[in-house]
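Data first, discussion second: the structure below is written as structure tokens.
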Number of protein chains: 2
Amino acid sequence: MATETQETLQAEIAAQNNLINDLRKQQADSALIEEHRKKVGELKRALAMLQGGGSKDAKKKGERLLLKTPKGTRDYGPGEMFCREHIERVVKECFTTFGGACLDTPVFERKDILAGKYGEDAKLIFDLKDQGGEELALRYDHTVPLSRYLAMNGAINTQAKLWQVGKVYRRDNPVMSKGRMREFSQADFDISGVWDPMIPDAELISLLCTVLNRLDVGEFIVKMNHRKILDGIFEVCGVPPEKIRTISSAVDKLDKMSWADVKKEMMEEKGLDPAVADRIGEYVKHKGGPELLEQLKADASLMGNASAKHGIEEMDILFTFLKSYKVIDKISFDMSLARGLDYYTGIIYEAIVEASAPPGFKSANAFASSSSTPSTGNSAAAPAPSKKKAKKAAEKDGDEEEIDESQVGVGSIAAGGRYDNLVGMFTAAAAGDGKKAPGLPCIGVSIGLDRIFAIVWPKWVAKGMRSKETMAYVMAAGDGLLQERVELVAELRESGIKTDFLFKNKPKLPAQFAAGERDEVPFAIILGGDELKQGLVTVKEQKWELVDGKKQKVESADKGVKVKRDGLVQWLKSTQTFQEWSSGKWI
Amino acid sequence: MATETQETLQAEIAAQNNLINDLRKQQADSALIEEHRKKVGELKRALAMLQGGGSKDAKKKGERLLLKTPKGTRDYGPGEMFCREHIERVVKECFTTFGGACLDTPVFERKDILAGKYGEDAKLIFDLKDQGGEELALRYDHTVPLSRYLAMNGAINTQAKLWQVGKVYRRDNPVMSKGRMREFSQADFDISGVWDPMIPDAELISLLCTVLNRLDVGEFIVKMNHRKILDGIFEVCGVPPEKIRTISSAVDKLDKMSWADVKKEMMEEKGLDPAVADRIGEYVKHKGGPELLEQLKADASLMGNASAKHGIEEMDILFTFLKSYKVIDKISFDMSLARGLDYYTGIIYEAIVEASAPPGFKSANAFASSSSTPSTGNSAAAPAPSKKKAKKAAEKDGDEEEIDESQVGVGSIAAGGRYDNLVGMFTAAAAGDGKKAPGLPCIGVSIGLDRIFAIVWPKWVAKGMRSKETMAYVMAAGDGLLQERVELVAELRESGIKTDFLFKNKPKLPAQFAAGERDEVPFAIILGGDELKQGLVTVKEQKWELVDGKKQKVESADKGVKVKRDGLVQWLKSTQTFQEWSSGKWI
């Protein structure tokens, strides 16, 4: 609409307002006044849209819109997404190499599906507003939706390898720079079905090590324990059955609290006999490899407990398989690893990298352990900061309850375990007859993609990675040559060469070079009127190099080479630069 | 924990219940009773977890859990996801070929960011529950979050090509089989910045055509119109300024209502003068190509209107560019296309395919037009079913207000337009001084991935596509040979060959062949004790063929070939089968 329309609208708004005032004075019917007010609203919206300004109707003058993402969430721009897409591709490639098939579930679930699965952490679930209909909540992890899917689809999918990559949601205190978010991405791989003992378990650990090796996260270890050994230890030490889960949670804190503090919590908060606590302390201090298993096998009281004996035998088989998979050197058998979630029934594990440890814990042992908070489940969770610190930060920052970031590591970058009863719980609950349902044994791992990104991204920046894959930039030296540029661009793209050009009718050559440089495009293709008549174009290669860790354009007096326009695609694809760049030189 | 633990727990539960009864009889302190009740709860949960049954504490006996996904959402299993991942890969490849860079925004936004952007359809927004903190809502499209991002990041990103692929959410009536969902995936590509007229517009239409060509959706057309032409027509015909948007919405319904009905709505519901409506009718009945533009140019009254003249001149330039891009034959200049959203300011378009038209409209014209509902914005929306039909279905299905699916087509599979004022609106609202802010011209397209899937998936099923990419299945002919199998599997995977095996210690050969067949794996690699000693393995190629459109295993008496174990990777990769399957024979 033209400017005169704006004036018409303004005049009409004024007229309507006068009319409304008159109607009010005359104490006219309120429905009539309302009708005219609505019309004014319509007119104002139409005017605001024309003017490109904020709607004064929706927002009062002086009331400013806060332009930000919700707390604990963020946007990822081009460079970051280029890195994240690369991480996702590597993970997916590993998942399919291990025979996995993809599953996708909705981002929200019916609330009763999530209920009773996350213990204390249920308070972290994001609920949707009841707008009439079902009660819904955002998924907290991929494990519960997967189990719901397996239960829904019955026996058909019993033996399956399924992977999911997607976002999950927790209303936790965020530490953005360490990849500790309210919205974060997890890549899960799960194996379901009844198989011979420990083969799927070994397969999963092998997968985890393969993914972490290929992602270039640096040196890592997989801390591992077995729920049945842990439960056996608690029984042997004399922990009352109903206290086993809560004492297990206390043990899980050993990577960020001293034994003295954990013992105090066991006695004072959980009412455990000090002698029992001391006996536990003797066991959970152990970390090691296969030799630790031999030590446990020689422990008569432990081997006398059915649960512990079962767990130790399973670990023994697992270690044999892990040798065949050639990943045994990555394993740390850690008797203090407990993991918070109730649903684990067999081995449990967490992967940590040197880079992910918080600075305060660096000296504690070779790999400063900074594993997950209790009860954050099949996830890759950061260490829980003490409430005090979070509180302090909250006082300082007002609305933003940020945590003192220097004290928090990236945390475990992957975690998981065996959960043999979760699918059966769904099946039983769906039957509703109170009977036990046939279970479906499962084992899984969740890889925390934001944690991985927090480790990999600084390396990418240092290496001078690109944020686009464009290979050719088509320019005009002559009089614009827009049609000729568009035709060549379309042709190059058709052949699969990622190509761009400047959206100007008659752009200057330096402006075109600058645009190509901004996207770090290796081939400048320059069209000239006379050359085109001879069927030729000029190709000038653009080079970059790292100088003191910074990527710089290499300036060159090279005038470029003349290439036949008709053979350009083939020529480009045959160059060394094209091949190097395509296979990820600057990724 | 062992079975004895279960018995201990059951005994303890009984003892605690007795104690509670006693305490009640003694009218003991209620806090004390409550403490014991909590303990019973803990014990029961521990027992339920052990037994793998539903927690009787959380769910009463007889109260059945509904195992389903929320209304309007669904799971996608392995075969479907294999197809969806393929679609996504093709789309992303096109996006990067056109110089796009990736952006990712959170799945939810602050409510005030979404407010006032979707007109009547604001009622379809999914709100999050207020759990203390910000008011949030799930994103409705990618256009508004992108505009928020561009406004937040100021001038830095003014000239950009950005793409996003992700899920968006609308509380609409779902038609699942046609890809009309409450949770659905959109792939967006947007170009922002001040450029010479219509070059980005042509680039975007070229991109859209490239994506649809590569996705194999069948014949398609891109219906196109220009908001400024439409507004000019309304002005010339004598529509009062405040009625322009609502009359525009009425025109948008012409692809599913007769002109007589639309005219009736204009007169009766919107109070338009019948003579004005008739004049509009004369214009909007036109569809065509460049020749229609010539016809408009010859219309003196239209060319006398500033808005219409501007729009016609832009279309003229655009058509020239579309010829250079060689996509002009895909365009249908359709003067009845209006699109509901207020924020469009220039060209608007929708892509439809033959397959996407609802059956009832098939005979209407060459391409039964079945474009979007009004006000569903920068989306690929299905035609709105009449309220009556939805109501009727609702009565029939109770809770599930499904629509009569046979009457609904897939609808437009992509749509978009130019929106030059949206980013400026955010900037102005953030400044809050009521002044107009500098705008950022944008043009974008949203591709409806669920609609594309609804068209492509049946073709995949007919072609017998796989749901996994596994290339080799390692088997044992002899005595299990688990260690040997695991070592070979690990080696093949290390070399990038997607490999699997059966998780059994001593599996029978037929069981292993059956498992490999289930995943349609082309290479069976059979280990035998004696052969291994000679450094050999047997490779048996598995073949499939389509018989009457059904994929069947080709039975063969072929005993396979003996290959050196050490050269196996190289041997496999050099076979024709490996190369064909890797490059997507069965995708």
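Each value in this text was obtained by applying a stated rule to the coordinates, not by laboratory testing. If you're wondering where the values come from, they're calculated on a predicted model, not measured in any experiment. All Cβ positions, even for glycine, are placed from backbone atoms using ideal geometry, and neighbour counts span all protein chains on display.
Key figures
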{"read-out": "Rg/Rg_ref, segment B:410-460, where Rg_ref = 2.2 N^0.38 Å and atoms are Cα", "value": "1.80"}
{"read-out": "For A:LEU546, label point 7 Å along C-beta direction: distances to other copies, nm", "value": "4.9"}
{"read-out": "Residues with amide H under 5 Å from that of A:ILE347, placed H, sequence gap 5 or more", "value": "A:ARG227, A:ARG418"}
{"read-out": "Taking segment B:416-563 and dividing mean pair separation by its residue count, relative contact order in percent (alpha carbons under 8 Å, at least six apart)", "value": "19"}
{"read-out": "Label point at A:SER495 placed 7 Å out along Cα→Cβ; residues across segment A:554-587 whose backbone nitrogen lies under 19 Å", "value": "A:560-583"}
{"read-out": "Residue and distance (whole Å) for the chain A Cβ nearest the axis that superposes A on B", "value": "A:LYS129, 2"}
{"read-out": "Entries in A:LYS263/B:LYS44; A:LYS92/A:LYS223; B:LYS44/B:LYS111; A:LYS459/A:LYS508; A:LYS506/B:LYS167; A:LYS297/B:LYS504 that, when Cα-Cα distance is taken, lie over 30 Å", "value": "B:LYS44/B:LYS111; A:LYS459/A:LYS508; A:LYS506/B:LYS167"}
{"read-out": "FRET E, pair B:GLU291, B:LYS463, Förster distance 41 Å, beta-carbon r, rounded to 0.05", "value": "0.55"}
{"read-out": "R0 of 41 Å, Cβ-Cβ distance A:ALA28-B:SER177: FRET efficiency to nearest 0.05", "value": "0.20"}
{"read-out": "Segment B:437-563: C-alpha gyration tensor shape, a/c 1.5 cut-off, then a/b vs b/c", "value": "prolate"}
{"read-out": "Cα Rg, Dmax (largest Cα-Cα span) when computed across segment A:252-339, Å", "value": "14.9, 46"}
{"read-out": "Label geometry 7 Å along the beta-carbon vector: B:GLY432 inter-copy distances in nm", "value": "5.1"}
{"read-out": "For B:ALA414, distant residues with modelled amide H under 5 Å away", "value": "B:ALA351, B:GLY448"}
{"read-out": "DSSP-assigned coil residues among GluC sites (Glu not before Pro) in segment A:494-565, each with at most 11 further Cβ atoms within 10 Å", "value": "A:GLU555"}
{"read-out": "Global geometry of segment A:59-202, whether rounded, prolate or oblate, following the gyration tensor of its Cα atoms and the 1.5 cut on a/c", "value": "oblate"}
{"read-out": "Spacing of the two label points (7 Å from each Cα toward its C-beta) at A:LYS270 and A:GLU555, in nm", "value": "6.8"}
{"read-out": "Segment B:146-284, Cα convex hull volume normalised per residue, Å³", "value": "186"}
{"read-out": "Inter-copy separations for A:SER583, label at 7 Å along Cα-Cβ, nm, ascending", "value": "1.7"}
